[in-house]
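Notes follow the structure.
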Amino acid sequence: QHALSHLNVAQRNLLPLLYHNLQAAGYTEPEDMDFLTQAYQESRTRGQGLWQSIEQVFKALQHGGVSPLLLKGMALGVLCYPDRHTRRMADADVIVPFDQAEQAMMVLQHAGWVSDETLEYWSRRNFHACTFRNAQNQLLDLHWHLFAGSRDDEDEILWKRAEPLNTDAGEILTLSVSDHLFHCCIHGYAWSPLQPMRWIVDAHMLYRHAHGRIDWLYIVEQARARRMTLRLLKALELLQDKEVLTVPDTTLHALRNIPIAQWEQAEHDLIISAPPSGLGLGHEKIRLLKLAWYRHRRYCRGHSLVSCMWTFPPVLSKEMCLENVWQLPWGLVRIISSIRTAKT
C-alpha cells in the first residue's frame, strides 16, 4: 500500500527481514527487490563492521576480568533471525555485572572507546547504562543493570541462566531465551514518535526459536520482583491479540492477580502516552523528572513513601546535572520559569 522509499526509520529497520522473507517466497518484482536488496546489503555492511568491533570488545573485557553478556539486537540476530544481518542494528548493547562496571569502563577507554557521560559512582547507582563511541563512530551501550531502577544485585541471575552464541570469534554469552523475551517486552512496550514495531517482530522470532522453552513462571516472578507486572501484562496481551505469540492462560491470570502500586500505574500511563503537542522544553524536563521518581520508587521498593522522598533529592540533583543537592531549589525554579515563559 505504500512506496518502500517513503517509510520512516522504524519501518526501514524491518526491510532486511522483509527482503529475506520475500526472496524465500519467490517474490520477483524488480523495483521492490532492488530496493530491498540495497537495504539488506546496507545492513550487512554496517553489521559486519560493528560485529568486528564488538568481538574485539568482548575479548578485551574478558581479558580484563569482566564477564559481559550480549544484549538486544546483535544477540537476537544470531539467536533467532534467518541470518544476523536481517536484524538491522544501529548500535551494540553489552551488560556487565554491577561490581565490574568500573573495570569495564576502563577496559573500553583503553581500547579506544570514549563516552561523553560522567562515569562516577553515582552514575552507576542512578542510571543503568552509558554510551561509548569509537573512532569509526560506532556506538556501544554499556549496561550494568538490565533496566533503569534495578538494584545492584538484581541482575546476577542473568549470568546463572546465560546461554552461548556461536560467532566468528568463538563463543559469546547472551541472555536466556526467557530473559530475552522479558527484556524485549519491557523495553519495547512504550510510546515512541517512530511507531515502535521491531520489538513485536523480535518477540515473534524469539517465540518461534524457543520451541516451547520459554519459562513463563520465571518471567512472571521477574516481573513481580522488579515491579514491572503491569507493563509485562499489557505487552503480552498486545502480542497475543496480534497473534504474535501464544501466552498460557495461567501466565496472564497470575499477572492479573499481582497487586499493582499506585505509582506503577502512574508510571505505565506516562510511558505509553504521547506528550501533548506544543509543549516546551520545561514540560519535557518535568516528564523526565517524573520518570526519575518512578525509577527511584522501583529501586526503593519496600520502603515507605516518606523514606523514598527523603532519599530522592540527591538522585534528582544528579538527574538534573547539578553539582550538589543544594542547587536543586534553583534548578526547579528555572524549570518552572521556563514553563511560565513558554505559556506567555
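The values are calculated or read from the model by the stated rules, or taken from the named source; none is laboratory data. Here the structure is a predicted model, which is why all the values come from computation and not from measurement. Glycine gets a Cβ as well: all are built from the backbone with ideal geometry, and neighbour counts include every protein chain shown. The accessibility values were calculated without ligands, DNA or RNA, using every heavy atom of the protein model including side chains. Shrake-Rupley method; radii C 1.70, N 1.55, O 1.52, S 1.80 Å.
Any idea which residue in region 22-54 is nearest to residue 137 (Cα to Cα), counting only those that are surrounded by 15 or more Cβ atoms within 10 Å (Cβ to Cβ) and among the hydroxyl-bearing types (Ser, Thr, Tyr)?
53
Every residue, every condition in (1) part of a loop (DSSP other than H, G, I, E, B); (2) more than 23 Å from residue 134 (Cα to Cα), yes or no:
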site	(1), (2)
11	no, yes
27	yes, yes
31	no, yes
37	no, yes
44	no, no
50	no, no
57	no, no
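Can you tell me which of 194, 181, 165 is more than 14 Å from residue 97 (Cα to Cα), in contact (Cβ under 8 Å) with a residue 24 or more places away in the chain and in contact with a Phe, Trp or Tyr (Cβ under 8 Å, 6 or more places away or on another chain)?
After ruling out the rest, the residue left standing is 181.
For region 166-211, enumerate the residues that are small (Gly, Ala, Ser) and within 21 Å of residue 268 (Cβ to Cβ).
Passing the criteria: 188, 190, 192, 203.
Return the total of residues in region 24-53 being over 30 Å from residue 70 (Cα atoms) and under 31 Å from the mean Cα position of the chain (by Cα).
Within region 24-53, residues that are over 30 Å from residue 70 (Cα atoms) and under 31 Å from the mean Cα position of the chain (by Cα) number 1.
Filter region 298-328 down to residues that are in a helix (DSSP H, G or I), open to solvent by 50 Å² or more (accessible area, probe 1.4 Å) and among the hydroxyl-bearing types (Ser, Thr, Tyr), then give me how many there are.
2
So which pairs qualify, if the first residue must be in region 315-344 and modelled with pLDDT under 75, the second must be not in a helix (DSSP H, G or I), the Cβ gap must be under 7 Å, and the two must be at least 6 apart or on different chains?
Correct list of pairs: 338/280; 339/280; 342/280.
Can you find a residue in region 226-240 that is open to solvent by less than 20 Å² (accessible area, probe 1.4 Å) and assigned to a loop (DSSP other than H, G, I, E, B)?
Scanning region 226-240, I find at least one residue that is open to solvent by less than 20 Å² (accessible area, probe 1.4 Å) and assigned to a loop (DSSP other than H, G, I, E, B), so the answer is yes.
Given the structure, is residue 72 at pLDDT 90 or above, among the basic types (Lys, Arg) and in contact with a strand residue (DSSP E or B) (Cβ under 7 Å, 6 or more places away or on another chain)? Even if it seems obvious, please write down each step before you answer.
Numbers: at pLDDT 90 or above: yes; among the basic types (Lys, Arg): yes; in contact with a strand residue (DSSP E or B) (Cβ under 7 Å, 6 or more places away or on another chain): yes.
In short, yes.
Can you tell me how many residues within region 55-72 are open to solvent by 30 Å² or more (accessible area, probe 1.4 Å) and within 20 Å of the chain's Cα centre (by Cα)?
Counting residues in region 55-72 that are open to solvent by 30 Å² or more (accessible area, probe 1.4 Å) and within 20 Å of the chain's Cα centre (by Cα) gives 2.
Could you grab the pairs with beta carbons closer than 6 Å, sequence gap of 6+ or different chains, first residue in region 71-92 and within 15 Å of residue 181 (Cβ to Cβ) and assigned to a helix (DSSP H, G or I), second one of a type in the set (A, V, I, L, M, F, W, C) and modelled with pLDDT of 95 or more?
Qualifying pairs under 6 Å: 80/205; 80/206.
Please go through (1) free of Cβ contacts under 8 Å to residues at least 40 places away in the same chain; (2) among the β-branched types (Val, Ile, Thr); (3) surrounded by 13 or more Cβ atoms within 10 Å (Cβ to Cβ); (4) not in a helix (DSSP H, G or I) for residue 244 and return the number of the only condition it doesn't satisfy.
Failed condition: (1).
Which of the residues belonging to region 247-274 are part of a helix (DSSP H, G or I) and within 21 Å of residue 287 (Cα to Cα)?
If the condition is that a residue be part of a helix (DSSP H, G or I) and within 21 Å of residue 287 (Cα to Cα), then 262, 263, 264, 265, 266, 267, 268, 269, 270, 271 are the ones that fit.
Considering only residues of region 247-275 that are among the β-branched types (Val, Ile, Thr) and open to solvent by less than 20 Å² (accessible area, probe 1.4 Å), which is farthest from residue 211 (Cα to Cα)?
Looking at residues that are among the β-branched types (Val, Ile, Thr) and open to solvent by less than 20 Å² (accessible area, probe 1.4 Å), I get 251.
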